[in-house]
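In what follows, a single structure is set out as structure tokens and then discussed.
None of the figures in this text is laboratory data; all of them are computed from the coordinates on show. Keep in mind the model is a prediction, meaning the values are calculated, not measured. Cβ coordinates were reconstructed from backbone atoms using ideal geometry, including for glycine residues, and neighbour counts include every protein chain displayed.
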Amino acid sequence: MELKTGNLSKNLIMNSLLKRFRQSIALHLLTTIFGFYFLVAVVVTVVQLYKEYEDTKINFYKEIQTLPATFNRGIIDSVWTYNNELLQSILLGMYNLPIIVGIKVESLDHKMDLQIGTVLNEKDEITYYDSSGRVTEQKEFGFGTDTLFKHEFPLQYQGTSFDHKIPLGQVTLYSNNQLVFDRVKYGFILILINSIIKTIALWFIIFYFIKKYLGQPLKEFTTKIREQDVQSPQAIDLNLHWTDTNELLILKDSYNHMIQRLNEHKLLSITDKLTGLFNRLKLDESLNNEFNRSNRFKRSFGIIIIDIDYFKRVNDTYGHQVGDQVLIQFAKILKENIRKVDILGRWGGEEFMIICPETNFQGTIKLAQSLRKIISKYDFPNIGNFSASFGVSIYNNDENIDKVIARADNALYKAKENGRNRVEGKQ
């Protein structure tokens, strides 16, 4: 009787807990969020560890590639003079480095061949040699010891009596994945500890706020609004899946709709309607921003002002509709042939401006010349080929931005005076 009563009490407790779980949005959210977080954390940790391993392996190889600069001269002298003791001493010094597991010297006459440590033979089989170059048994075991990667560099002697380098053979340096793993394992431990701490902390934080207040979505919403970039606000998502409609979702949708309209209005205010490029207002803002940034970091930037040659003739001959299509196509050509960091806009009429961040005078001139050649060879619909003139200036520091623009304008005027289809620049 007592046994049945005990089982009944346990069943009642379990049923009560299950009922509370099914009815608790907080626990449902906690379980879902924590489950996905744990899955993502595992994936991210694995990816991070793999990336850490690959980066370490690359660094290993880079370190190995620097060794010839230190040891190549000594190895060449010892091979050239047939000095076995010197060669063995140098190779032992390299072998003791923590990134090397084996060294092989192969001379052309095979009189100075020497192997130390773990190397690959002619059949690409792993062979082990002692410090004297004699074949020995395997001394290292563990994960990665049987996976070698190598770096080869030639031995070439050049003395005062020779007018060219004399090939003597080559040196092969070997490393293995075990050394890479040894270097990575400390980072792995830190990543693992960091992941565990973050997981436990996140579990308690989410559980506390969701269970006690059920206000985490509202807090998240408020936080995301505060974190918005006032210059470029974006739509937000609260991920509320337990109901089709609620006040927070309505508020979120209203907010996102407002942000969308705001961004569309802002985009229209800074965009040239015809070409889709930045307009004069946005170019002025970008010039000011680049001016302040260049002053702060003591860098230079270039300005290119472009004017379509004889554009009035296009309008007069073919009409404004064709002229508009020329401007649209001209803008497209510029946009497709500048760098991603460059800022392009319509300066006014048939004039365009390119702002080239962190670019010196020669680099800006080079870009302008490249654009000039592309434009002069392009076959525009209805009118064929035509050209453009380019004025270039550079901002160096401690001067007014208006002076920089004026120099570019003067350079553009000079390009037109000198026959058009030219690039002129004033530093």
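Quick rundown of the values:
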| item | result |
| --- | --- |
| Mean Cβ neighbour count within 10 Å, used as a protection proxy, ranking 333-346, 153-166, 297-310 highest first | 297-310, 333-346, 153-166 |
| All aspartates and glutamates inside 19 Å of Lys224 as judged from Cα atoms, apart from same-chain residues fewer than 8 positions distant | Asp237, Glu247, Asp253 |
| Listed pairs Lys312/Lys340; Lys332/Lys403; Lys332/Lys373; Lys332/Lys377 exceeding 21 Å between Cα atoms | Lys312/Lys340; Lys332/Lys403 |
| For region 53-61, Karplus couplings with θ = phi - 60° (6.51, -1.76, 1.60), whole Hz, Gly/Pro x | 5, 5, 5, 5, 5, 4, 5, 4, 5 |
| Extension gain, Ala41 back to Ala406 (0.36 nm per residue minus Cα-Cα distance, nm) | 125.9 nm |
| Long-range HN-HN contacts of Leu97 with modeled amide H, under 5 Å | none |
| Other-chain or far-sequence residues with amide H under 5 Å of Ser387's (modelled H) | Asp309 |
| Fully extended contour minus Cα-Cα distance, from Asp182 to Val135, at 0.36 nm per residue | 14.3 nm |
| Region 355-427: relative contact order in percent, alpha carbon pairs under 8 Å with at least 6 residues between | 32 percent |
| Residue exposure sequence - Met94, Met353 - by fewest surrounding Cβ within 10 Å | Met94, Met353 |
| Region 181-208 and region 117-162: distance between their alpha carbon centers, rounded to Å | 39 Å |
| Those aspartates and glutamates that a straight Cα-Cα span of less than 19 Å connects to Lys416, excepting residues fewer than 8 apart in one chain | Asp307, Asp309, Glu350, Glu351, Glu424 |
